[in-house]
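The structure appears below as structure tokens.
The values are calculated or read from the model by the stated rules, or taken from the named source; none is laboratory data. These figures come from a predicted structure and were not determined experimentally. All Cβ positions, even for glycine, are placed from backbone atoms using ideal geometry, and neighbour counts span all protein chains on display. Heavy atoms of the whole protein, side chains included, go into the accessibility calculation; ligands, DNA and RNA do not. Shrake-Rupley method; radii C 1.70, N 1.55, O 1.52, S 1.80 Å.
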Amino acid sequence: MKDISEQKIQQVKSRFIFLGSITYRSQFGGYALLVDGIMFALVSDGELYLRANDQIENIFQTRKMSNLVYAKRGMPILLRYYFVDSTLWEDQNLLFYFVQLAYESSKAEMLNKKSQPVRLKDLPNLSITIEKLLWKVGIKSAEELKIKGAKCTYLKLKSLNKSLGFNVLLALAGAISGYHCAVLPSVLRNELLEWYDEIKNPEKG
């Protein structure tokens, strides 16, 4: 099956060159097809399936295109990928239109997700518990956290909960910079540790 899937991928890459450079990766037991990181189709067992979402799914369904069925733990699951049969494959105008639809709708979906504000709990290191504490001190978005900075934010949280330790400071710094706290740059970690020691033992300063 791998050989026929790879053959189909090569056919897709040469036929849909108008989309640009098409890459692929393993997905759902087959191969996801992408352009500029946007997944628009899937090849499974040598067959092509176009990705659908709420905006275009009815178009594929109206043409009676069948869903890709994926077996998960032995249970069949209908995926929102629609089969390009031999008749559609030979109808170049309609096929190109459907491929363009699949790509453009996937692109719009990705851009929409990127434009949505990120919740604090979705940042590295931050749990919903810390998110709730941040809300209590008036920090309700990733942008507000970045503006306040790790040190100022830590002091605000510390005023609510005296038991918060160094790990929370590291978690905040990592969330702001995009690092898991375990891999924070050593320069930043050392700076934070020095500052933490100063506020914990001010008489040493």
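With r as the distance between the Cβ atoms of E143 and R73 and R0 = 45 Å, compute the FRET efficiency 1/(1 + (r/R0)^6) and round to 0.05.
Calculated transfer efficiency: 0.65.
Can you tell me which of A52, A175, A41 moves the most in a GNM of the chain? Springs connect C-alpha atoms under 10 Å apart.
A175
Using the basic label-point model (7 angstrom from Cα toward the beta carbon), what is the K13 to V183 distance in nanometres?
Each label point is offset 7 Å from its Cα along the Cβ direction, giving 2.9 nm.
Which whole-number percentage describes the relative contact order of the range 1-115, with Cα contacts under 8 Å and a sequence gap of 6 or more?
Normalised by residue count, the contact order of the range 1-115 is 23 percent.
Kindly report, to the nearest 10 Å², the accessible surface of M75 as traced by a 1.4 Å probe over protein heavy atoms only.
120 Å²
Two-decimal Rg/Rh of the chain from alpha-carbon positions, Kirkwood Rh?
1.20
Among V168, V35, what's the order by accessible area (1.4 angstrom probe), most exposed first?
Ranked from most to least accessible, the order is V168, V35.
Averaging over all projection directions, find the projected area of the Cα convex hull of the range 118-198 and quote it in nm² with one decimal place.
Mean orientational projected area (the range 118-198, Cα hull): 4.7 nm².
If I ignore ligands, DNA and RNA and count only protein heavy atoms, how much of F166 is accessible to a 1.4 Å probe, in Å² to the nearest 10?
Taking all protein chains as shown, F166 has close to 40 Å².
For the range 25-130, which trypsin sites (Lys or Arg not before Pro) are both in a DSSP coil and crowded by at most 10 other Cβ atoms within 10 Å?
K64, R73
When Rg is the radius of gyration of the Cα atoms in the range 1-115 and Rh is its Kirkwood radius, what does Rg/Rh come to?
Rg/Rh for the range 1-115 comes to 0.94.
Per residue, how large is the accessible surface of the chain? Use a 1.4 angstrom probe and give square angstrom.
60 Å²
Round to the nearest 0.05 the FRET efficiency obtained for E191 and T129 when R0 = 30 Å and r is the Cβ-Cβ distance.
According to the calculation, E is roughly 0.70.
How much accessible area does Y24 have with a 1.4 Å probe, in Å² rounded to the nearest 10?
Roll a 1.4 Å probe over it and Y24 shows about 100 Å².
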